[in-house]
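Derivation of every value follows stated rules applied to the coordinates shown; laboratory data play no part. Note that this is a predicted model, so its numbers are computed, not measured. Glycine also receives a Cβ, built like all others from the backbone with ideal geometry; neighbour counts cover every protein chain displayed.
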Amino acid sequence: MSRKTLIYIGFFVVLFGGFYAFLYATIDSKKSRLPVLNDVRPFSFQRQDGQQVTEKDIKGKVYIAEFFFTTCPGICPKMNTNMKVVYEKFKDKDNFLILSHTVDPENDTVARLKVYADSLGADVKNWWFLTGSKENLYKAARESYILDDPQNNAIDIKEQFLHTQFFALVDKNGRVRGIYDGLKKSELAKLGDDIQDLLNEENS
């Protein structure tokens, strides 16, 4: 092999090596590749222990939001059985939460939510069951967590009943980063991976 050829080879090795070194340096490994889907709007709801909580109480935490009702005979028990698996995996993480909002606040009082939470073995430290006005709960589902069509807010609130099997994953900065089917094992597995991804992500 000629000296000229060796020089060319050496040049391209240095060139590509520099390119990949630059690429590695510019990619922030502490930022998740999950897209930002929406921003969570301010809220104020009552927790199963009677405490009023707002978006300020979850700042800096990764959390899952879901909507259910305690007397649901269909998908809700399955959803929360699956949610408990996720809860058990991450309950020791101080910066992880689950927010379970009732869609039936007329019947799901604070006391009833407390009984329901206890039946699941949910510690208020990491798993909150929330109630409030029906209007505000439904707005949160639609306008913050994009779990239902916002146009449904045009219907008289008394005639509405929201029922969804989807979970929303929110990052430490209050941004929705994923929507998952709470009844599908494959999506629950991805949810677990994405939670860990966002726990590793630094606050912006």
| field | Entries of Lys78/Lys172; Lys93/Lys139; Lys93/Lys158; Lys31/Lys185 with Cα pairs more than 32 Å apart | value | Lys93/Lys158
| note | Classified through the alpha carbon gyration tensor (a ≥ b ≥ c as square roots of its eigenvalues; rounded if a/c is under 1.5, else prolate when a/b is larger than b/c, else oblate), the stretch 52-139 comes out oblate
| remark: In whole Hz, the Karplus estimates of ³J(HN,Hα) for the stretch 112-120 (6.51, -1.76, 1.60; θ = phi - 60°; x where Gly or Pro) are 5, 5, 5, 4, 5, 4, 5, 5, 8
| note | A student applying the Cα gyration tensor rule (rounded when a/c is under 1.5; otherwise prolate if a/b is larger than b/c, oblate if not) would label the stretch 53-101 oblate
| For the stretch 54-65, Karplus couplings with θ = phi - 60° (6.51, -1.76, 1.60), whole Hz, Gly/Pro x | 10, 4, 5, 6, 10, 4, x, 10, 8, 8, 9, 10
| task | Mind running the shape call on the stretch 38-200? Use the C-alpha gyration tensor, a ≥ b ≥ c as the square roots of the eigenvalues: rounded below 1.5 for a/c, prolate if a/b tops b/c, oblate otherwise. | result | rounded
| remark: For 116-123, 60-67, ranked highest to lowest by mean beta-carbon neighbours within 10 Å, the order is 60-67, 116-123
